[in-house]
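For reference, the structure is listed below as structure tokens.
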């Protein structure tokens, strides 16, 4: 079950990286949760090169869904 592999994280809502403030909650969750990859179809996330650079500085690689699937799923 997915809940056995999940980690509860608490966010402050203070992160301001994205044009869309609702996306900042998702970004902060990824940062606090210390993920390696973030996969998104959201244009505000995947299309913002400065945001992607900031996430990379925090150790998080942002992928589009297609790129992630090509890189990790289809290479198995």
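The values are calculated or read from the model by the stated rules, or taken from the named source; none is laboratory data. Because the structure is a prediction, the values reported are computed rather than measured. Cβ: placed from backbone, ideal geometry, glycine included. Neighbour counts: every protein chain shown.
The table below gives the values:
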quantity: Which numbered condition residue 15 misses (of (1) surrounded by fewer than 16 Cβ atoms within 10 Å (Cβ to Cβ); (2) part of a loop (DSSP other than H, G, I, E, B); (3) in contact (Cβ under 8 Å) with a residue 12 or more places away in the chain); calculated: (1)
quantity: All positions within segment 42-72 that are in a strand (DSSP E or B) and either out of contact with any helix residue (DSSP H, G or I) (no Cβ under 6 Å at 6 or more places or on another chain) or at pLDDT 95 or above (or both); calculated: 61, 62, 63
